[in-house]
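So the structure is just underneath, and the comments pick up after that.
The values are calculated or read from the model by the stated rules, or taken from the named source; none is laboratory data. Predicted model only: the values in this text are computed from it and were never measured. Every residue, glycine among them, receives a Cβ derived from its backbone with ideal geometry; neighbour counts consider all protein chains shown. Only protein heavy atoms, including side chains, enter the accessible area calculation; ligands, DNA and RNA are left aside. Shrake-Rupley method; radii C 1.70, N 1.55, O 1.52, S 1.80 Å.
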Amino acid sequence: MVAIIDYDAGNIRSVENAMTMLGKETVLTRDPGVIRRADHVILPGVGSFGDAMDRIRRYGLEEVIREVVQSDTPFLGICLGLQLLFEESEESPGVKGLSVLRGKIRRIPAGTEPETGTLRKIPQIGWNNLAFPRQGRLFRDIEEGAYVYFVHSYYLQAESKEIVTATTQYGVTVEASVERNNVFACQFHPEKSAEVGLQILTNFLQV
């Protein structure tokens, strides 16, 4: 059973739908007991870093998230769910993240695209290709250069580059996916990334 953590964030239903397409029993929940019993746990989300951390703490989810990531249960953060795993974000100064992983969330810099001279749009909304500095388990059977779907204004700077398994370019090097032990996270949306995204989710479910 896959537990999708429900903390009133956006985009949760699309993750649930993707799991259903893959034939997995899925529950959308904020019940700590259900989350602890799950075979896989997903922390999705679209929204504000500060608001999300406030809801996670208000619903008493911080402790159970820490329990899961310290166990052997495969855990996947998606988009805002990746950012929340880190220490802090420029989006919400003074708000402490879950600090499961070390690093900071930075705002994508304004500027122009060197190829076209056009202004860089923020948030980035659309498809971008991946490079694999260290190919992690999420990207088994996926070729380097594969395209996935992003919606974000902020990006990760991980303290240890050893955990970074995928990057893309958007004015800066965006650390697009990380992996450490049973903890995985993607800045992009695998549930909206067509066949490539479904393969990524399948790989996660096979961990």
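What the table shows:
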{"read-out": "Subset of the stretch 117-154 [within 15 Å of G171 (Cα to Cα) and open to solvent by 90 Å² or more (accessible area, probe 1.4 Å)]", "value": "L119, K121, I125, W127"}
{"read-out": "Scan of the stretch 177-190 for residues that are in contact with a Phe, Trp or Tyr (Cβ under 9 Å, 6 or more places away or on another chain) and either over 11 Å from L138 (Cβ atoms) or part of a loop (DSSP other than H, G, I, E, B) (or both), ordered by number", "value": "N182, V183, Q187, F188, H189"}
{"read-out": "Verdict on V2 being open to solvent by less than 10 Å² (accessible area, probe 1.4 Å) and more than 18 Å from L84 (Cα to Cα)", "value": "yes"}
{"read-out": "Test result for S177, closer than 23 Å to I12 by Cβ and among the polar types (S, T, N, Q)", "value": "yes"}
{"read-out": "Within the stretch 155-173, tally of residues that are under 20 Å from L98 (Cβ atoms) and open to solvent by less than 10 Å² (accessible area, probe 1.4 Å)", "value": "4"}
{"read-out": "Residue within the stretch 174-188 that is farther than 23 Å from R106 by Cβ and surrounded by 24 or more Cβ atoms within 10 Å (Cβ to Cβ) present", "value": "no"}
{"read-out": "Neighbours by Cβ (under 6 Å, 6+ apart or cross-chain): first from the stretch 96-108, at positive phi; second open to solvent by less than 20 Å² (accessible area, probe 1.4 Å) and not in a loop (DSSP other than H, G, I, E, B)", "value": "G103/L156; G103/A158"}
{"read-out": "Subset of the stretch 25-54 (residues that are part of a loop (DSSP other than H, G, I, E, B) and open to solvent by less than 30 Å² (accessible area, probe 1.4 Å))", "value": "A38, P44, G45"}
{"read-out": "Residues being in a loop (DSSP other than H, G, I, E, B), surrounded by fewer than 18 Cβ atoms within 10 Å (Cβ to Cβ) and more than 16 Å from the chain's Cα centre (by Cα) - total across the stretch 65-90", "value": "4"}
{"read-out": "Selection status of R57, basic (K, R), over 21 Å from F204 (Cβ atoms) and not in a loop (DSSP other than H, G, I, E, B)", "value": "yes"}
{"read-out": "Identity of the residue in the stretch 91-116, modelled with pLDDT of 95 or more and small (G, A, S), that ends up most open to solvent (accessible area, probe 1.4 Å)", "value": "G94"}
